[in-house]
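Chemist: Handing you a structure now.
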Amino acid sequence: MFSAYIIHLLILIGIYMILSLSLQLAMGYSGLLNLGHVAFYAIGAYVSALLALAGVPFWICIILAGLVAMLFGFLLAIPTNKLKGDYLALATLGFTFVVYAVTLNWTDLTRGPLGLPGIPKPVLFGISFSDNLHFLFLTITIAIISYLIIKQIARSPFGKALQAARDDELAAEILGKNTFKLKSYSLAISAFFAGIAGSLYAHYITFIDPSSFTIMQLIPVLAIVIIGGLASLEGTLLAAIILTLIPEPLRFIGFPSSIIGPARQIIYALILLLILIFRPRGFFGKVKLE
Amino acid sequence: MLKLEKVKKYFGGIKAVDGCSFAIAPKKITALIGPNGSGKTTIFNLISGILKCDSGRIFLGDKNITNLSPHKISNLGLSRVFQQAHLFDNLSIEENMSIAIDNEDMKFVKNLLGLNRISKEKKQKIKEALNKVGLEKSPQHLCGELSYGQKRLVELARAIINPHRLLILDEPVAGVNPKLREKIIKILKDLEKAGETVLLIEHDMNFTFSVANRIVVMDAGQVIAEGTPANIKNNKQVLEAYLGD
Amino acid sequence: MFLQLLINSLIAGAIYALVASGFSLIYSTCKFVHFAHGAVVAFSAYIAYLLFSIWGLNFWLAVILAIIFGAFLGWLINVLVYRPLRRKKSSSVILLIAGFATLIILESLILMFFGADVKTIDFIQTAEGLEFFGAIITPLQIVIVIVSVILFILLFLLMKKTRIGKAMRAVADNTEVAEIVGISAERIHSWSFIIGSAIAGIGGILIGLEQNLEPTMGTNLVIKGFTAAIIGGIGSVPGAVLGSFLLGAAENFGIWYLPSGYKDAIAFVILFIFLLFRSQGILGIKKS
């Protein structure tokens, strides 16, 4: 029983890692304060769940989840290209609300507030991942691949160009860099991995509804990215572990679940506030949040 | 090399650039001078595409670059140094240079597959460029931590290494100490010897007359005189423009 | 039908304006997006509910206490969260994220204490609506419109005629210059939060009377308030009021064409359009 609980936590950590590493690419490396990340996560979860319920094999579901989210990343990049700072944050946050409204109201497709139950557990190469231990291996594998790809992007010359555009967009343009291309690629890749994380979540929990993807879900991810420190992937991994574990003791104190939910949010939001006030660079941050 | 034809830019009612036409010759250092507010920096912003012209045309070589986006103009052969430092503060000196050297970094798939490590030749080129400005010792230093003078030098080196046909410099010696000034004069002279085409804005007349081969004088958004430094020194109109206010 | 939609627009606009005017007032003097403003609205409404519906206090006393509570909460957020950040010269983005975190904390507290289910303040029994020309308006809705109009007039007079109002406008115009002539910007920031939050409190109570109370109502409202402020020109209180009525109209006429579930999405689409429209040309490629 206890080991089942540990496995469950590790799976959640894995999903949070993918989600926050991808946000780190947009926020830390490209300076895009994207508060619409949860929307990509939702898109990935819904695409994957709907396809799987229609009988499509898992590997196609998860890849399409990433690709559709990526497409929306590109689409969001076009109108938000010229926006900076607060305006970009609010426009992307608005995107989260629009996606939420669509999942809630397009009942023919998403069943609205009833949600999508019975999402099948993944089967890959004839191996079923219905067992949580197996699912953990799958999650860890995908998390490691995501980390390696994002790491590769971040330290390649392309990643340096992203950081250049983050530090000084005008100078990057003057040196011949198409900063719109840089920013839209960054947002799209970030969205791709958020979509992958959404797919994993949907197939793990086997039930999704619009309430799984409100801006409340943004707080832990945002907290992980900022606490780990901008432009630090290792910091993000560590923060994902720590922040997923921190609220867990609440369970053992014996609070009812109606208290634990909001209490978790309060803990995350409070940690985020304290870090902004006392250590805005996070623990391993290389860049100031601006 | 660079030709402006009746370029206009108004900000509301202010005629920042009002029908400005001039051309600069290749392999020469041309200085754009004029009193404060005569529209010099606006001209630079129009040339580099940061601002859009209200009317008129700008040519770089035989290419019409009017109102193209800055990165396109840059890739057609323009390199610029700003008046204030515009370095990538969280990147090292070397990284700042390697971003400028070419556009390999924009090829996403190649980068994703790790097929484009920075080559030895590139590193060598960067080293040489830093050598010229005397900053070769600590290429790993973050640019945000450099002194004002060092920042100016990195920016100059970065603009030089950025592939270009025309280099434009906005007040390259503003606020630098005399020693650094000498250094920058020497760098510019070397550029001229190497056959580079340079257009610069400068308020410091001693500096301007010591490095420029040709001078274009602006006042109230228009070109009022053009010629060699000797011509300009004795031009009545120029004196009036400077002393009139 | 048209008249009914017009009336609905007017009521929605009045409610948004109560949120947007306070928000805009705070934005104008402090120059950042006070995201937690929505939580002040929601919390005030819940306090009114607690005092009146649960503890059975006299209604008007409950209302006054709830407004005072709203003002106090706004002031407290400024002192505990924003002031330390401003002292560290944090960017407006950090203030926005901090406001967002504060909003989540307050909403979660509401959720903990009051639960997720919808609440109503049953002061006015659902009265018969008055009918004119086929459109229906309830007495409460008339009260909402009247109260908000009175508040806007008072706010306008406060800004134009009183010393504190003039100081606020000075700080909004140029904080440094205002400080040089001896106005304490910190004090003005505090007053902006107190006044803006008191209006938010009144708004919260009126919303609580007219609609239901939900823990997440604040998030929705602050986005609406922000959208209204953007439409009208951010930082301008009259602009925010105008923007609110336009937003109310856009939403209510919009659901003529769209399912009513998309009502909220309309605001965000408008927000999008306006953010783009504003930034083009103004920001250009310049670093903001």
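Chemist: Working from Cα positions, state the angle (0 to 90°, nearest 10) between the long axis of helix C:263-282 and the longest principal axis of chain C.
Modeler: On a 0 to 90 degree scale, this one is about 30.
Chemist: Place a +1 charge on the Cβ of each Lys and Arg in the range A:131-290 and a -1 charge on the Cβ of each Asp and Glu, then give the dipole magnitude about the Cα centre in debye, rounded to the nearest 20.
Modeler: Dipole of the range A:131-290, to the nearest 20 debye: 360 debye.
Chemist: Largest first, what is the accessible-area ranking of B:LYS8, B:LYS179 with a 1.4 Å probe?
Modeler: Largest to smallest exposure gives the sequence B:LYS179, B:LYS8.
Chemist: Quick check for you: with a 1.4 Å probe and neighbouring chains kept, what is the accessible area per residue of the protein assembly as shown, in Å²?
Modeler: Heavy-atom SASA per residue in the protein assembly as shown reads 41 Å².
Chemist: Separate question: Heavy-atom accessible surface, probe 1.4 Å, ligands and DNA/RNA ignored: which residues of the range B:89-104 lose at least 30 Å² versus the isolated chain?
Modeler: Listed by number, the residues meeting the 30 Å² cut-off are B:ASN90, B:LEU91, B:GLU95, B:ILE99.
Chemist: Count neighbours as other Cβ atoms within 10 Å of each site's Cβ, and list the trypsin sites (Lys or Arg not before Pro) in the range B:130-163 that are DSSP loop with at most 16 such neighbours.
Modeler: Listed in order of number, the matching sites are B:LYS137.
Chemist: Buried by at least 30 Å² relative to the chain on its own: which residues of the range C:103-118 qualify, computing accessible area with a 1.4 Å probe on protein heavy atoms?
Modeler: At a threshold of 30 Å² (probe 1.4 Å), the residues of the range C:103-118 that become less exposed are C:ILE104, C:ILE105, C:SER108, C:LEU111, C:MET112.
Chemist: A follow-up question, please. With n ≥ 4 as the cut-off for DSSP H runs, can you work out [θ] at 222 nm for the protein assembly as shown, using -39500 (n - 2.57) per run divided by the number of residues, rounded to the nearest 500?
Modeler: So the calculated ellipticity at 222 nm is -20000 deg cm²/dmol.
Chemist: What shape does the protein assembly as shown take by its C-alpha gyration tensor, where a ≥ b ≥ c are the square roots of the eigenvalues and a/c under 1.5 counts as rounded, a/b above b/c as prolate, and the rest as oblate?
Modeler: Since a/c reaches 1.5 but b/c is at least a/b, the shape of the protein assembly as shown is classed as oblate.
Chemist: Let me ask you something else. Roughly how big is the C-A contact, given as buried accessible area in Å² (both sides, 1.4 Å probe, nearest 100)?
Modeler: 4200 Å²
Chemist: Against the longest alpha carbon principal axis of chain B, how many degrees, from 0 to 90 and to the nearest 10, is the axis of helix B:178-193 turned?
Modeler: For helix B:178-193, the angle is close to 90 degrees.
Chemist: In what sequence, highest mean first, do A:190-200, C:174-184, C:213-223, A:144-154 appear when ranked by Cβ atoms within 10 angstrom?
Modeler: For the peptides A:190-200, C:174-184, C:213-223, A:144-154, the packing ranking is A:190-200, C:213-223, A:144-154, C:174-184.
Chemist: Could you check the spin-label model distance between C:LYS160 and B:GLN237? Points 7 Å from the Cα along Cα→Cβ, value in nm.
Modeler: 5.3 nm
Chemist: Run the simple label-point estimate for A:ALA4 and B:LYS127 please: 7 Å along Cα→C-beta, distance reported in nm.
Modeler: In this crude label model, A:ALA4 to B:LYS127 measures out at 6.3 nm.
Chemist: Given axes a ≥ b ≥ c from the Cα gyration tensor, I'd like to know whether the range A:182-222 is rounded (a/c under 1.5), prolate (a/b larger than b/c) or oblate.
Modeler: Verdict is oblate for the range A:182-222.
Chemist: Size of the dipole of the range A:2-213 about the Cα centre, Lys and Arg at +1 and Asp and Glu at -1 on the beta carbon, nothing else charged, in debye to 20?
Modeler: Magnitude of the dipole: close to 360 debye.
Chemist: Place a point 7 Å from the Cα of A:LYS151 along the Cα-to-Cβ direction; which residues of the range B:107-122 have their backbone N under 16 Å from it?
Modeler: Counting only backbone N, you get B:112-114.
Chemist: Based on Cβ point charges of +1 for Lys and Arg and -1 for Asp and Glu, what charge dipole magnitude is obtained for the protein assembly as shown about its Cα centre, in debye rounded to the nearest 20?
Modeler: For the protein assembly as shown, the charge dipole is close to 2520 debye.
Chemist: Another question, if that's okay. Rounded to the nearest percent, how much of the accessible area of the range A:2-213 (1.4 Å probe, protein heavy atoms only) is carbon and sulfur?
Modeler: 74 percent
Chemist: Relative to the isolated chain, which residues of the range A:75-94 have their accessible area cut by 20 Å² or more in the presence of all protein chains (1.4 Å probe, heavy atoms, no ligands or nucleic acids)?
Modeler: A:PRO79, A:LYS82, A:LEU83, A:LYS84, A:ASP86, A:TYR87, A:LEU90, A:ALA91, A:LEU93, A:GLY94
Chemist: From the C-alpha coordinates alone, can you work out the Kirkwood hydrodynamic radius of the range B:41-127, in Å?
Modeler: It works out to 15.2 Å.
Chemist: Here is a further query. Given H placed 1.01 Å from N in the peptide plane, which residues other than close sequence neighbours of B:LEU2 have an amide H under 5 Å from its amide H?
Modeler: B:ILE24, B:GLY61
Chemist: For the range A:131-181 and the range B:85-156, what is the separation of their C-alpha centers, rounded to whole Å?
Modeler: Here the two parts' Cα centres lie 20 Å apart.
Chemist: Have a look at the range C:44-162 and give its Rg and Dmax from the Cα atoms, expressed in angstrom.
Modeler: Reported Rg and Dmax, both Å: 18.7, 58.
Chemist: Right, something else. Positive end of the charge dipole of the range A:188-288 (Lys, Arg +1 and Asp, Glu -1 on Cβ, about the Cα centre): tell me which of A:ILE224, A:PRO256, A:LEU200 has its Cα farthest that way.
Modeler: My answer, from the dipole projection, is A:ILE224.
Chemist: Give the calculated FRET efficiency between A:LEU109 and B:LYS193 to the nearest 0.05, with a Förster radius of 60 Å applied to their Cβ-Cβ distance.
Modeler: 0.30
Chemist: Percent of accessible area on the range B:2-243 owned by carbon and sulfur, 1.4 Å probe?
Modeler: That share works out to 52 percent.
Chemist: Let me ask another. With the Cα gyration tensor of the range B:88-142 in hand, convert its eigenvalues to equivalent ellipsoid semi-axes via √(5λ) and list them largest first in whole Å.
Modeler: Semi-axes (√(5λ), whole Å): 22, 13, 9.
Chemist: When the distances between all Cα atoms of the range C:1-46 are binned every 5 Å from zero, what whole-number percent does each bin get?
Modeler: Each 5 Å bin holds this share of Cα pairs: 5, 20, 20, 19, 14, 10, 8, 3, 0.
Chemist: Under 10 °C and 1.306 mPa s, how fast does chain A diffuse according to Stokes-Einstein, given a Kirkwood radius computed over C-alpha pairs? Answer in µm²/s, whole number.
Modeler: 83 µm²/s
Chemist: With no solvent and one point on each alpha carbon, what is the Debye value of log10 I(q)/I(0) for the range C:2-282 at q = 0.07, 0.13 Å⁻¹?
Modeler: With one equal scatterer per Cα and no solvent, log10 I(q)/I(0) is -0.24, -0.86.
Chemist: I'd like the carbon and sulfur percentage of the solvent accessible area for the range C:1-160, probe radius 1.4 Å, heavy atoms only, ligands and nucleic acids excluded.
Modeler: The C+S portion of the solvent-accessible surface of the range C:1-160 is 74 percent.
Chemist: Oh, and also: Between Rg and the Kirkwood Rh of chain B, both from Cα atoms, what is the Rg to Rh ratio?
Modeler: That ratio is 0.98, to two decimals.
Chemist: So how tilted is helix A:179-205 from the main axis of chain A? Cα-based, degrees 0 to 90, rounded to 10.
Modeler: With both axes taken from Cα atoms, the answer is about 10 degrees.
Chemist: According to the square roots a ≥ b ≥ c of the eigenvalues of the Cα gyration tensor, what is the shape class of the range C:103-227, taking rounded for a/c under 1.5, prolate for a/b larger than b/c otherwise, and oblate for the remainder?
Modeler: Verdict is oblate for the range C:103-227.
Chemist: What are the extents of the Cα atoms of the range B:151-197 along their three principal axes, listed from largest to smallest and rounded to whole Å?
Modeler: Taking max minus min along each principal axis of the Cα atoms, the range B:151-197 gives 29, 20, 14 Å.
Chemist: Need the list of aspartates and glutamates near C:LYS160 for cross-linking: C-alpha distance under 16 angstrom, and skip anything on the same chain fewer than eight residues off.
Modeler: Result set, ordered by chain and number: C:ASP173.
Chemist: Something else now. With r defined as the distance between the Cβ atoms of C:MET1 and B:ALA25 and R0 fixed at 56 Å, what FRET efficiency is calculated, to the nearest 0.05?
Modeler: The value I calculate is 0.15.
Chemist: For an R0 of 25 angstrom, estimate the FRET efficiency from the Cβ-Cβ distance between B:ASN213 and B:GLN83 and round to the nearest 0.05.
Modeler: Step by step, r from the Cβ atoms, then E = 0.65.
Chemist: Can I ask one more? Of C:ILE54, C:ILE234, C:ILE142, which has the largest mean-square fluctuation in a 10 Å C-alpha GNM of chain C?
Modeler: Of the options given, C:ILE54 has the highest mean-square fluctuation.
Chemist: Pop a pseudo-label 7 angstrom from the Cα along the beta-carbon direction at both B:ALA230 and C:LYS88 and give the gap in nm to one decimal.
Modeler: 6.4 nm
Chemist: Treating cross-link reach as a plain straight distance, find the aspartates and glutamates whose alpha-carbon is under 20 Å from the alpha-carbon of C:LYS263, omitting any fewer than eight places away in the same chain.
Modeler: Here the aspartates and glutamates satisfying the reach criterion relative to C:LYS263 are A:ASP108, A:ASP209, C:GLU210, C:GLU214, C:GLU251.
The values are calculated or read from the model by the stated rules, or taken from the named source; none is laboratory data. Treat the numbers as computed from the prediction; the structure is a model and nothing was measured. Reconstructed Cβ throughout: ideal geometry from the backbone, glycine too, with neighbour counts over all protein chains shown. Surface accessibility is based on the protein's heavy atoms, side chains included, excluding ligands, DNA and RNA. Shrake-Rupley method; radii C 1.70, N 1.55, O 1.52, S 1.80 Å.
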